[in-house]
1. In whole Hz and in residue order, list the ³J(HN,Hα) couplings for segment 32-37 that follow from phi through the Karplus curve 6.51 cos²θ - 1.76 cosθ + 1.60, θ = phi - 60°; x for Gly and Pro.
2. Could you state the orientation-averaged shadow area of the convex hull built on the Cα atoms of segment 4-86, in nm² to one decimal?
Amino acid sequence: MLSGSAASADQAEDSDVMDIQDFVSQVFIEGVNIAEASKYASSVVPTLLEMLGDPEQEATWANVVVVLGIIGDESAVNALIEFIDGDVEGSMSRSVCDFSGS
């Protein structure tokens, strides 16, 4: 896991935003809040990419991918393609989000 000081150093331009790790670790019933996610600067991209590569952070991966897309930094493109197409440790599966009760 990333240290608090490293994560804090990678914050947004707006000092009133939540720590990026805390932000993407939330459960968003209606999806990631685009207005809040767009407050983060490209400086958080390395932290998010590290989280995307960490199987222990699997529960955050969907939010991480969405936030990376909202930030729109080109440095994340290859990592996102590799994540979607590649062999990723862990399994972000439909079963995680299966509310049917089966």
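1. So the Karplus estimates, Gly and Pro as x, are 4, 6, 4, 4, 6, 5 Hz.
2. Details: hull surface 21.1 nm².
The directionally averaged projection comes out at 5.3 nm².
Throughout, read-outs are computed from the coordinates displayed, never taken from laboratory work. This is a predicted model, so every value here is computed, not measured.
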